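Every number in this text was worked out from the coordinates using simple rules, so none of it is lab data. The model shown is predicted, which means the values in this text are computed figures rather than measured ones. Cβ coordinates were reconstructed from backbone atoms using ideal geometry, including for glycine residues, and neighbour counts include every protein chain displayed.
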Amino acid sequence: QVQLRESGGGLVQAGGSLRLSCAASESSFSINSMGWFRQAPGDRRELVAGIPSEGSPYYDDSVEGRFTISRGIAKDTVYLQMNDLRPEDTAVYYCTAKVRSDLYWGQGTQVTVTS
C-alpha cells in the first residue's frame, strides 16, 4: 500500500503562484509515474499533469505554459509549480502514483484562487 502525503495548498490571489509537493511512502524503484488531478465542486476529477519515470511530462491544455510538474532527485516525490493562477484553478488537488498496475491517491489539498 502506497501512501502519498501532499502539502502546499492555500489561498492566493489571481496571478499569484503556489507550489504543491507530494511525497510517496513507496520506494521510487516501483513507481512508474506520478501526477496531479484536481476536482472543483460539482465537477468531475480531471488530470492536470503527469510525469513518467522516463520521458516527458504532459499537461492538460488549460494549464500548459502556467504549471510545471517535476520529480525529486529520489523520484519518490512530485511537485507542481503553479504560476499565473486563475479563479478557475480553484479545486482540491490530488497527487497520484502508479505502481505496476495500481493507481494510488493522496488525500487532496485545497487550492483557492480569488479574483
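Please sort by residue number the GluC sites (Glu not before Pro) in region 1-93 whose DSSP state is loop and whose Cβ has at most 13 other Cβ atoms within 10 Å.
Values: sites: Glu6, Glu26, Glu46, Glu54, Glu64, Glu88; in loops: Glu26, Glu54, Glu64.
For GluC sites (Glu not before Pro) across region 1-93 that sit outside H, G, I, E and B with at most 13 neighbouring Cβ atoms in 10 Å, the list reads Glu54, Glu64.
What longest range of the chain stays clear of loop-exposed trypsin sites (Lys or Arg not before Pro) (DSSP non-H/G/I/E/B, at most 11 other C-beta within 10 angstrom)? List each step's numbers first, then the result.
On the way: sites that count: Arg44, Arg100.
That gives 45-99 as the longest site-free run.
Gln39 to Thr112: extension gain in nm, 0.36 nm per residue of separation minus the Cα-Cα distance? Don't skip to the answer; put the middle values down first.
On the way: separation 73, 0.36 × 73 = 26.28 nm, distance 1.18 nm.
Between Gln39 and Thr112, full extension yields 25.1 nm more.
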query: Scattering from the C-alpha atoms of the chain alone, worked out with Debye: what is log10 I(q)/I(0) at q = 0.20, 0.21, 0.22 1/Å?
result: -1.02, -1.12, -1.22
Relative contact order of the chain, pairs being alpha-carbon contacts under 8 Å that are 6 or more residues apart, as %: 36
- prompt: Average projected area of the Cα convex hull of region 64-103, in nm²?
  reply: 3.9
task: With springs connecting C-alpha atoms under 10 Å apart, model the chain as a Gaussian network and identify which of Ser101, Ser70, Ser25 has the largest mean-square fluctuation.
output: Ser101
